[in-house]
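The values are calculated or read from the model by the stated rules, or taken from the named source; none is laboratory data. Model, not experiment: these values are computed from the prediction. Methodologically, a virtual Cβ is constructed for each residue, glycine included, from the backbone with ideal geometry; neighbour enumeration extends over all protein chains shown.
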């Protein structure tokens, strides 16, 4: 559960599984501090996508996937893949509007302290719009960092909770 809203922040346990929101951490002799079980930092994606559509010079690039279909058998963009074609056949009302954003999700973890430091991992989630041409969507400025999950344990097994 994400303790995001003001009323959720007051809760001491999860509404669903009833596990505690905080764990006690010792800060001195006989003193304890409440520390959240897990932490996640979210960086909003929607304002970044709005900026792409707001620019008169850049907005046409967000329709590239719709206007530049490749011939069958040539794979150089995700739109040429079977999954993209299956999505187009399944969700016809989404496909009709070429400005709808199609997003790619990348999740990667790393150890900020290296191999010699204490066990700690940091996971980042990057989203990129696949509406753009291959030359653009792989450029760093169009890869949006949307989520950071720090902590002593990696969230591999329960990454779906954060998604």
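Structural remarks
- One residue stands out in region 8-20 among those that are over 22 Å from residue 156 (Cβ atoms), at pLDDT 80 or above and under 25 Å from the mean Cα position of the chain (by Cα): the one that is surrounded by the most Cβ atoms within 10 Å (Cβ to Cβ), namely 8.
- Helices (runs of 4 or more DSSP H) enclosed by region 1-79 - at least 1 residues per element that are assigned by TED's automatic domain parsing to the domain that holds residue 127: 46-54, 64-67
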